[in-house]
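Single-structure report; data block below.
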Amino acid sequence: MSLYMEQIEQLVVLQRVDSEILALEKALQAAPDQLQELEKRLQYLQEQEGIIQEKMDIVLEQKHKLEAEIDADDQLIKKNKNKLLQVENTKEYHAIMRDMDTLEKTNRQRKEELDTVLADIHELEERKAALAKDVEDVRDRIKEQQAQLDAKLQEKRERMGKLLQEKERATKAIPQPILERYNFIRQRLESPVIVPVTEGICQGCCIAIPPQNYIDLQKGEQILSCPNCQRIMYWDKHFSPREESPEA
Ligand SMILES: [Zn+2]
């Protein structure tokens, strides 16, 4: 193979490798985004857990307060019952009975309130348990996705290693000025930047190249650019790129 053909071939390899490197870099950057949705969901559930715990703390405090008050007044009622046994006159008897009525009435109301509080606690406990289950589910899914993602990333990194080696090999075969021209065009134009010329037509811009350029191209002596789109061109009769699957 002539030096010219070798260079064209390596330029085509370089272009394929560069395109795949670019795609891989994008894929590597996008990878963490896939987990974001699940992590957002987890954060939301954990916030809900916090809100429920705050509510729970409040109703538990109410429960303890009510229980203590009920207990204290029950003690007073017991004391009053003992006093009744030793009462000396009717007036004192009625006064104690009135006190007891009031205490009992208040405690009945407290016990009703306590029932409501207990029902609230029960409901909150159920919601807490359901949330804990959801949190566990999301955590499992995050773990699962993370593992899948890690495996894919590992594959991509290995592929990237191979591509970089391939790129280095191709780069060595191409003279520096042509490499610079290639990089210059690549930064400014859409891929591909190494294009065949078929029957005098540049396949990069679909415009006919001037006859003298076409003759020079067919000589296969130096790397030429399309005068119209600036892409590096080669004659399709000289060279046809090997089909290589990206996974090869
Ligand atoms: Zn062109």
Self-check item: Degrees separating the helix 90-173 axis from the principal Cα axis of the chain, which is the longest one
Solution: 10
Practice problem: Express the carbon and sulfur contribution to the solvent-accessible surface of the chain as a percent, rounded to the nearest whole number, probe 1.4 angstrom. | Solution: 51
Quiz item: Among GLN154, GLN109, GLN230, whose mean-square fluctuation peaks in a Gaussian network model of the chain (Cα, cutoff 10 Å)?
Solution: GLN109
Practice problem: Mind jotting down the distance between the C-alpha centroids of region 199-220 and region 62-106, whole Å? | Solution: 111
Quiz item: On alpha-carbon atoms, Rg over Rh for the chain using Kirkwood Rh?
Solution: 1.60
Self-check item: Using alpha carbons only: equivalent-ellipsoid semi-axes of region 1-47, gyration tensor based, whole Å
Solution: 47, 4, 4
Self-check item: Percentage, to the nearest whole number, of Cα pairs in region 1-85 over 17 Å apart
Solution: 76
Self-check item: Hull volume in cubic angstrom per residue (convex hull over the Cα atoms of region 49-125)
Solution: 63
Self-check item: Residues of type aspartates and glutamates that LYS219 reaches as a straight line, Cα spacing below 14 Å, ignoring anything fewer than 8 places off in the same chain
Solution: ASP236
Self-check item: Computed P(r) (all Cα pairs; region 31-169; 10 Å bins; percent)
Solution: 10, 21, 15, 14, 11, 9, 7, 5, 4, 2, 1, 0
Quiz prompt | Contact order relative to length of region 31-169, as percent, for alpha carbon pairs under 8 angstrom and 6 or more apart | solution = 46
Quiz item: Using Cα atoms only, what is the angle between the long axis of helix 3-30 and the major principal axis of the chain, expressed in degrees (0 to 90) to the nearest 10?
Solution: 10
Quiz item: What whole-number value in Å² describes the accessible area per residue of region 21-88 for a 1.4 Å probe?
Solution: 72
Quiz prompt | Extension reserve of the ASP216-LEU153 stretch, reckoned as 0.36 nm per residue once the Cα distance is removed | solution = 18.1 nm
Quiz item: Taking the Cα centre of each part, how many Å lie between region 2-27 and region 131-145?
Solution: 43
Quiz item: Over 25 Å between Cα atoms, which of LYS111/LYS133; LYS55/LYS143; LYS65/LYS128 qualify?
Solution: LYS111/LYS133; LYS55/LYS143
Self-check item: Extension gain (nm, one decimal) between ASP134 and PHE239, 0.36 nm per residue minus Cα-Cα
Solution: 31.8 nm
Quiz item: Out of residues 5 or more away from TRP235 or on other chains, whose amide H comes under 5 Å of its own, with H placed 1.01 Å from N in the peptide plane?
Solution: VAL197
Exercise. Relative to the longest principal axis of the C-alpha atoms of the chain, give the angle of the C-alpha long axis of helix 33-85, reported between 0 and 90° and rounded to the nearest 10°.
Key: 10
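The values are calculated or read from the model by the stated rules, or taken from the named source; none is laboratory data. Note that the structure is a prediction, hence the values are computed from the model and not measured. Side chains are part of the model used for accessible areas, which takes the heavy atoms of the whole protein and leaves out ligands, DNA and RNA. Shrake-Rupley method; radii C 1.70, N 1.55, O 1.52, S 1.80 Å.
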